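Since the structure comes first, as structure tokens, the remarks are kept for the end.
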Amino acid sequence: MSRLRSDLWCGVFVRRHNDLGEMCVVSRRGDPIAGQVFIEVDHLDGTRSLYTPAPSTSDRDDARLVFQCRFKRVEPAKVTERIAREVEFDPDLWVISIDLRGDDLGIDLT
């Protein structure tokens with residue numbers, strides 16, 4: 001089965017969280033079809049978390065995006081630096097920024 005387009009996935013994610021009353025935006029647009037998606041979470045307490053795509057496995061037969069927590073509740077500069085390094089390596093990268101007090105993003109995690 002083919003993967004869902006990055007632009008569609010990001011659009012749905014942003015819309016869903018904004019409908020829930022959370023501030024969520026696409027802060028960087030990448031390749032609309034196959035760009036990797038990073039999610040930057042501002043916990044509104046001076047810390048941020050970063051979720052990145054999990055390594056893919058060949059035995060998966062669905063089109064879901066699965067994430068891993070790269071940084072959890074660290075200083076914002078650490079997350080910003082990591083995103084900047086990834087953008088240098090992969091300019092097709094998408095970044096979604098969300099303000100969220102809790103930890104539940106409603107995404108699949110490894």
Exercise for the section: Being hydrophobic (A, V, I, L, M, F, W, C) and in a strand (DSSP E or B) is the filter; apply it to the range 21-37 and report the residue that is surrounded by the most Cβ atoms within 10 Å (Cβ to Cβ). Expected result: C24
Exercise for the section: Look at T110 and say whether it is hydroxyl-bearing (S, T, Y), surrounded by fewer than 15 Cβ atoms within 10 Å (Cβ to Cβ) and in contact (Cβ under 8 Å) with a residue 40 or more places away in the chain. Expected result: yes
Problem - Complete set of residues in the range 94-110 that are farther than 17 Å from S27 by Cα and charged (D, E, K, R) - result: R101, D103, D104, D108
Practice task
Sort out which residues of the range 47-67 are farther than 20 Å from S6 by Cβ, at pLDDT below 95 and either small (G, A, S) or touching a Pro at 6+ places or on another chain (Cβ under 7 Å) (or both), and write them in order of number.
Solution key: S58
Handout entry: Output for the range 29-58, where each listed residue is in contact (Cβ under 8 Å) with a residue 40 or more places away in the chain, in contact with a helix residue (DSSP H, G or I) (Cβ under 7 Å, 6 or more places away or on another chain) and not aromatic (F, W, Y)
Key = G30, D31, A34, G35, V37, E40
Handout entry: Total residues in the range 69-88, condition closer than 15 Å to I107 by Cβ and either modelled with pLDDT under 95 or among the hydrophobic types (A, V, I, L, M, F, W, C) (or both)
Key = 1
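The values are calculated or read from the model by the stated rules, or taken from the named source; none is laboratory data. For clarity, every value in this text was computed on a predicted model and none was experimentally measured. Cβ coordinates were reconstructed from backbone atoms using ideal geometry, including for glycine residues, and neighbour counts include every protein chain displayed.
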